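Heads up, the thing below is written out as structure tokens.
The values are calculated or read from the model by the stated rules, or taken from the named source; none is laboratory data. Please read all numbers here as calculations on a predicted model, not as lab measurements. Here the Cβ positions follow ideal geometry from the backbone for every residue, glycine too, while neighbour counts run over all protein chains shown. With ligands, DNA and RNA removed, areas are computed over all heavy atoms of the protein, side chains included. Shrake-Rupley method; radii C 1.70, N 1.55, O 1.52, S 1.80 Å.
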Amino acid sequence: MTRWFLGLLALVLAHGQTTAASAQAPAAAAPPPLTAADFVREPDIADVALSPNGRLVAAFRREGDVQRLVVIDMVDKKLVGAVALPADIEGDWVEFATDGRLVFGFTLMRIESVNGRYIEYPTASRVMAADVNGARPVILFESARGVRQRAAGYGTFFAGWIDGTREEVMMTALSAKGRMNLFRVNLTTGQARVVEEGAPTTVGWVADKDGRAAMRIDSNTSFSKNRMFVRDGAGAWREVRTISKRDGKGFEPIGATDDPSRIFVYARKEGDDRIGVHVYDLRTAAIVETLFVHPRYDVLGAAIDRKTRAFVGASYISDGLRYDLREPGAGAALRGLQSFFGSDYEIAVVDRSDDRKTWLLLAASPQDPGSWYLFNQDRASVEPVGASNSVIPGRLPQRTRHITYKARDGLEINAYLTTPSTDKKAWPLIVMPHGGPEFRDSFGWDPMAQFLAAFGYAVLQPNYRGSSGYGFAFVRAGRGEWGGKMQDDLTDGVSHLVAQGLADPKRVAIVGASYGGYAALAGATLTPDVYRCAASVVGVTDLPDFLAWNRTRTPGSTDAFDYWVETIGDPETQRDELIAMSPARQAASVRIPIYLAHGVDDEQVPIAQGRKMKRALEAAGKTVTWSEFLSEGHSFSRESEARLYRELATFLRGCNPP
């Protein structure tokens, strides 16, 4: 099988069964209007997997409040197995070990009533194996001694498949002492034996093709610096590489090659600006072969054949998702699929059968959360498996396109623009900068952007300097530019759309979360004439306070704090500049309505940041709407997301009517 390293039943059973009677049936009544909950609903089908022979698919299917693990024979169009999960279990992922046996992970949840609403908390993660018809189920590690049975995340990490067998697999799990150990696990009995014991700081392992430890990965308490270890000639572990968060994702193991002394890695070679796929020699601790590097974009994923361990190809994002596949005919097949689905769709190759003739695809667009398909390369046929969201597809008239524009200093900025229709007119605009800030937006389903566009807004999502995916120089260009050139990139995007006749300069709002929340408030304080209103969700508001809080988060480790100093600024030598760029310190400059939302339990940006902004705005006599989300952190549950969307819609329609 070819697995990409990076989410039925009704459509399968109904496929090709349209009858004359159904064709003559009266038209169905118009569906009810879409709600906020429709945009953030649990997927109907998720985590689809393909069997090695390409005949079976497995997936978690949700029907109301019940989630089932189902297995379908796509040739005979029949249900092979279905298991309903208890209410306190949430399915996470599923994988075929063989054509007849599955491995799947799940999380145990605790449900509590808090202030009249039910909250789910993860308490532990487990892995099970079972036959495809549900027979012979076994919980992995269940009888293993010295394994932490109740740890969230326990036993859920693959470290590699083993050549010559699909009855056993390499996995990692926390020991009772809190160490991440490497195990060899039998998928029939569930028995596990320790292959290597981790150090107190170990967070991961890479196994070779024969089931031996190839690389150990340790990290500091803030997970901001990883250290890679390999065996020396005497068998002792020696450190060969250190990767700090300040270096970006400069080195990351992928998995074993067919040579036990080498592994595949994502890496930025010395002197290179972009991350590619390489072969790393464990004996010499050096990159010995480059398999893929794009001249403009970082690699997104690598495809490795699970059976032969051959490199098959790589993916990256330019204007949209793109592939570089090395097999004859594969590129032509992808071009044919793109023509079949249309230019609005991104086609993700999720898995392939052992003979590489059957592909599992996820086709999604900005207006469609995505559906799963099987593609047979020999027959050039596409067969539906199911939709991840059966409510949205076909009901959003807006369109999204990739655009570029020049920042005021000449730097090219890539962005995505969603407009309510294809008409060229001066739309009311919402600027929606992403969080991170070392992250990126892409051409695909974004529920918040599409929810807002459905009200009649154009939505601009700029990949401002500092965004990932465009090489490390582009990332570094954003460091130290909070409120500076990064903010200018947003303002220049508005100016570009106004000049193109695509935005009404008198009807522009800005909405963002996390760093995007900071940027929204910086827009309101630093460029108050550009926007009519601003909404910040879990946003940073006071830079000196945020840096001081980060300094105390991880005692004994300065790496995370050093990263934030490089990214934001030095509170010792640049305090005045940081104050000038802090929205909570500049509330008097605000001339527009502000919406603030924050999770009470946020551990990334503490709620004190949001509360300080609220108090500063109130003290300055400004208009502010404040919304606290109990029992929520930096990300929200689906119920809270729906509430957030409703509140944003009410706020924006009041201050910037579409």
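From the list Ser631, Ser627, the lone residue that is open to solvent by less than 50 Å² (accessible area, probe 1.4 Å), farther than 26 Å from Ala449 by Cβ and either in contact with a strand residue (DSSP E or B) (Cβ under 8 Å, 6 or more places away or on another chain) or at pLDDT 95 or above (or both) is Ser631.
In segment 455-477, the condition of being at negative phi, in contact with a Pro (Cβ under 7 Å, 6 or more places away or on another chain), part of a loop (DSSP other than H, G, I, E, B) and open to solvent by 10 Å² or more (accessible area, probe 1.4 Å) is met by at least one residue. On the basis of being open to solvent by 30 Å² or more (accessible area, probe 1.4 Å), in a strand (DSSP E or B) and either at negative phi or among the small types (Gly, Ala, Ser) (or both), does Arg379 make the cut? Spelling it out, it is not the case that Arg379 is open to solvent by 30 Å² or more (accessible area, probe 1.4 Å), in a strand (DSSP E or B) and either at negative phi or among the small types (Gly, Ala, Ser) (or both).
Quick check: is even one residue across segment 606-623 within 28 Å of the chain's Cα centre (by Cα) and either part of a loop (DSSP other than H, G, I, E, B) or of a type in the set (Lys, Arg) (or both)? Looking for residues that are within 28 Å of the chain's Cα centre (by Cα) and either part of a loop (DSSP other than H, G, I, E, B) or of a type in the set (Lys, Arg) (or both), one finds at least one in segment 606-623, hence yes. Residues in segment 31-81 that are within 18 Å of Gly105 (Cβ to Cβ), open to solvent by 50 Å² or more (accessible area, probe 1.4 Å) and assigned to a strand (DSSP E or B): Arg68 alone.
Do the conditions hold for Ser631, that is, is it hydroxyl-bearing (Ser, Thr, Tyr), in a loop (DSSP other than H, G, I, E, B) and farther than 17 Å from Tyr515 by Cβ?
Details: hydroxyl-bearing (Ser, Thr, Tyr): yes; in a loop (DSSP other than H, G, I, E, B): yes; farther than 17 Å from Tyr515 by Cβ: yes.
Answer is yes for this residue.
Only strands (runs of 3 or more DSSP E) whose full extent lies in segment 224-311 are considered here, and the ones with at least 2 residues that are in contact with an Asp or Glu (Cβ under 9 Å, 6 or more places away or on another chain), among the hydrophobic types (A, V, I, L, M, F, W, C) and crowded, with 20+ Cβ neighbours inside 10 Å are 225-231, 262-267.
Yes or no: segment 390-411 includes at least one residue that is open to solvent by less than 50 Å² (accessible area, probe 1.4 Å), over 30 Å from Leu652 (Cβ atoms) and assigned to a strand (DSSP E or B). No, segment 390-411 contains no residue that is open to solvent by less than 50 Å² (accessible area, probe 1.4 Å), over 30 Å from Leu652 (Cβ atoms) and assigned to a strand (DSSP E or B).
Within the bounds of segment 344-363, is there any residue that is surrounded by 17 or more Cβ atoms within 10 Å (Cβ to Cβ) and over 25 Å from Val71 (Cα atoms)?
At the first step, the residues of segment 344-363 found to be surrounded by 17 or more Cβ atoms within 10 Å (Cβ to Cβ) are 345-354, 356, 358-363.
If we keep only those that are over 25 Å from Val71 (Cα atoms) as well, we get 345-346.
So far as segment 344-363 goes, yes, one or more of its residues are surrounded by 17 or more Cβ atoms within 10 Å (Cβ to Cβ) and over 25 Å from Val71 (Cα atoms).
Looking across segment 502-539, just one residue is in contact with a strand residue (DSSP E or B) (Cβ under 8 Å, 6 or more places away or on another chain) and of a type in the set (Asp, Glu), and that is Asp504.
Residues of segment 495-524 being open to solvent by 10 Å² or more (accessible area, probe 1.4 Å) and either β-branched (Val, Ile, Thr) or in a helix (DSSP H, G or I) (or both), which ones? Once the filter is applied, which keeps residues that are open to solvent by 10 Å² or more (accessible area, probe 1.4 Å) and either β-branched (Val, Ile, Thr) or in a helix (DSSP H, G or I) (or both), segment 495-524 yields Ser495, His496, Val498, Ala499. For segment 342-376, what are the residues that are closer than 23 Å to Phe39 by Cβ and part of a loop (DSSP other than H, G, I, E, B)? Correct list: Gly342, Asp344, Tyr345, Pro366, Gln367. For first residues located in segment 526-547 and of a type in the set (A, V, I, L, M), partners that are part of a strand (DSSP E or B) and lie 6+ apart or on another chain with Cβ distances below 6 Å form the pairs Ala534/Ile510; Ala534/Ile594; Ala535/Val511; Ala535/Tyr595; Val537/Ala513; Val537/Ala597; Val538/Ala513; Val538/His598.
Only one of the numbered conditions (1) of a type outside the set (Gly, Ala, Ser); (2) open to solvent by 60 Å² or more (accessible area, probe 1.4 Å); (3) over 28 Å from Ala503 (Cα atoms) is violated by Gln609, and that is (2).
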